[in-house]
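Participant: Here it is: the structure, laid out below.
Read the figures in this text as sums done on the coordinates, not as results from a lab. All figures in this text were calculated on a predicted structure; none of them were measured in a lab. Ideal geometry is used to build each Cβ from the backbone, glycine not excepted, and the neighbour counts take in all protein chains shown.
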Amino acid sequence: MKTSELPVEKKGVSVAKVEETLLEWLQGHVLKLKGTLMLANPDDMAAIQALRMKSSGKSKMTRDHNGFRKLLIVLTKAGKVFALHTGDGRIVWSNLLNSLRKSEICENPTALNLFQWHVPHHHAMDENPSVLIVSRCGPSYEALGVLSFVDTYTGQELSSSSLEHSVVQVIPLPLMDSDEQRLHLLIDANGQAHLYPKTSDALGVFRHELSNIYWYSVEAEAGIMKGYALKSKYVDQVLDEYSFDTRSIWSIVFPSESEKIIKTATRKSNEVVHTQAKVVADQDAMFKYISKNLLFVATVAPKASGDIGSSTPDESWLIVYLVDTITGRILHRMTHNGAQGPVQAVVSENWVVYHYFNLRAHRYEMSVIEIYDQSRADNKDVWKLILGKHNLTSPISSYSRPEVMTRSQSYFFSHSVKSIAVTSTAKGITSKQLLIGTVGDQVLTLDKRFLDPRRSINPTQAEKEEGIIPLTDSLPIIPQSYITHALKVEGLRGIETVPAKLESTTLIFAYGVDLFFTRFAPSRTYDSLTEDFSYALLLLTIVGLVAAIFITWILSEKKDLRDKWR
């Protein structure tokens with residue numbers, strides 16, 4: 001799933017339209033005032049409801065200043081692309097692409113994924129954004145790839161191209177060319193990398209950052225993880241200059257007799273971190289280990305890779321790793337004896353939360369690991385900060401051995417989990433909440449503070465002021481925390497979050513057989529007024545206060561005059 005911003009609303013309105021809108025605005029606020037004072041009859045209440053629906057503008061095909069109205073671009077397993085409006089959930093357009101239909105050239109097209117391709121600046125009114133859909137002509141990794149480019153406003157397939165190589169992995173790069181097209185690196189079955197778009201401008205941008213491009217692959221069945229980088233020269237055997245040789249820079253081989261990879265997770269590439277330090281109760285500062293290259297890996301004993309109960313507690317263990325994908329260095333390793341999968345995990349900022357089953361306790365558990373950077377611990381001295389004798393601005397390299405410290409804690413959790421996600425906001429200021437897709441096909445929210453490894457049975461007064469919750473052995477499930485309410489998302493498979501422009505709000509999309517979308521404010525809407533806020537009542541209150549001040553001033557002047565005549 002990808003999001004697309006709607007076009008900007010065009011300015012310029014006639015005088016008659018302004019007068020009509022102003023009259024409707026006045027009538028609406030009069031009706032709202034009557035409703036607030038409980039003077040409205042049933043007809044007035046119906047008119048108020050109609051005005052609210054009209055003024056909300058949820059179904060408009062233009063963007064709003066809060067960033068609530070967007071298009072959700074979704075790709076189905078059958079290869080059909082849909083655009084859904086977040087305001088009312090309607091299907092704006094749908095398209096079964098020609099490139100994903102069976103043909104003589106491509107007998108068994110299989111859609112892989114979709115990616116952001118062209119994201120024009122919001123002032124570029126004459127350009128529409130587009131997405132890239134990557135597919136292959138067959139289920140095997142050796143099958144040739146197909147690229148399709150789709151306009152997100154109209155659903156029109158702008159172009160498609162059949163590749164001369166296979167597609168095993170697609171790496172979206174944080175780079176753009178002068179036409180604001182996102183650069184992508186496609187890895188084929190032979191381990192060669194191919195750059196798209198194939199333009200001289202994109203090639204120039206790519207070559208400038210070539211030494212900083214790394215990626216990794218996970219072969220779960222073989223129990224191998226590998227890290228890769230590019231060679232400085234393109235492939236000699238290929239005619240075009242947009243193909244590059246790759247080189248393996250590290251590998252981790254897990255022993256097949258004792259470990260099997262069942263889950264990996266990493267941070268979102270576009271996640272925003274507001275602060276890199278965490279102030280604790282004793283006014284000390286702990287610096288977060290912030291890295292987009294942090295990978296969470298979970299392995300289990302081969303006998304415990306089946307269903308729950310397929311092995312005894314003595315034959316089962318769960319081992320989790322935090323790995324730097326640039327160097328392959330294992331930053332942290334922890335073992336849970338008597339535990340097995342399935343494992344669900346989410347990584348955000350400097351922490352990871354994962355869910356598994358404890359065979360010894362016969363209960364599900366959730367654990368949290370927080371990782372901190374000890375190399376910047378000396379920056380707490382105020383005088384060093386004032387005099388500039390600190391290393392806060394020094395460049396950080398993954399090749400320098402990090403001094404990290406971890407804290408962890410485990411809790412019982414009463415539900416089986418299908419998926420875990422975390423809220424995301426525009427600036428990363430709002431507190432985080434976990435979004436848990438339960439086995440009952442509902443979405444539950446859980447405050448991250450409940451998964452704080454610093455929780456203790458008897459927190460100090462300073463810790464209470466900081467917001468540390470007293471430790472309990474299990475995590476609470478509050479019925480009011482189900483954002484799906486009484487609804488079910490049948491066949492729930494995943495949860496996606498998108499930040500709105502309003503910092504307090506995140507947009508949540510859950511998908512399966514059913515689709516579910518909602519807005520959620522983890523710390524409430526502290527930066528906006530509600531839609532039914534009565535401006536008329538506020539204006540009436542201000543007028544009343546001004547009148548009261550004026551009347552009391554006149555009465556005070558008369559009283560002073562009487563006192564002087566006595």
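Participant: So what's Rg/Rh here for the chain, counting alpha carbon atoms and using the Kirkwood radius for Rh?
Facilitator: 1.03
Participant: Just add up the charged neighbours of Met61: K/R +1, D/E -1, any other residue whose Cβ is under 10 Å from the Cβ of Met61.
Facilitator: Spelling it out: positives minus negatives among the neighbours equals +2.
Participant: From zero up to wherever the largest Cα-Cα distance of region 90-219 sits, split into 10 Å bins and tell me the percent of pairs in each.
Facilitator: 12, 40, 35, 13, 1
Participant: Jot down the radius of gyration and Dmax of region 414-529, Cα atoms only, both in angstrom.
Facilitator: 15.2, 48
Participant: Also: Here is the link list: Lys288/Lys448; Lys278/Lys427; Lys2/Lys226; Lys268/Lys448. Which ones come out longer than 20 Å on Cα distance?
Facilitator: Lys2/Lys226
Participant: On to the next question. Can you compute the charge dipole magnitude of the chain about its Cα centre, using +1 on each Lys and Arg Cβ and -1 on each Asp and Glu Cβ, nothing else charged? Give it in debye, rounded to the nearest 20.
Facilitator: The dipole of the chain has a size of about 1340 debye.
Participant: Is any helix in the chain, taking whole DSSP H runs, at least 24 angstrom long along its axis by alpha carbon and on average at least 0.5 on the Kyte-Doolittle scale, and which ones?
Facilitator: Correct list, ordered by number: 535-565.
Participant: So for each of 552-561, 326-335, 72-81, 98-107 I average, over its residues, the number of other beta carbons within 10 Å; can you give me the resulting order with the highest mean first?
Facilitator: 72-81, 326-335, 98-107, 552-561
Participant: Follow-up. Add +1 for every Lys or Arg and -1 for every Asp or Glu among the other residues with Cβ under 12 Å from the Cβ of Pro172, and state the total.
Facilitator: +3
Participant: How many percent of the alpha carbon pairs in region 468-554 exceed a separation of 16 Å?
Facilitator: 73 percent
Participant: What share of all Cα pairs of region 78-152, in percent, falls into each consecutive 10 Å distance bin?
Facilitator: 18, 41, 29, 11, 1
Participant: Could you order the peptides 479-489, 160-170 from most to least packed, using the average number of other C-beta atoms within 10 Å per residue?
Facilitator: The most tightly packed comes first, giving 160-170, 479-489.
Participant: How large is ³J(HN,Hα), in whole Hz, for each residue of region 73-79 in order, when computed from phi with the Karplus curve 6.51 cos²θ - 1.76 cosθ + 1.60 and θ = phi - 60°, using x for Gly and Pro?
Facilitator: In residue order, the calculated couplings are 9, 10, 10, 8, 5, 6, x Hz.
Participant: Just order 133-139, 454-460, 266-272, 336-342 by mean Cβ neighbour count inside 10 Å, highest at the front, would you?
Facilitator: Per-residue Cβ counts within 10 Å, averaged per peptide and sorted highest first, yield 336-342, 133-139, 266-272, 454-460.
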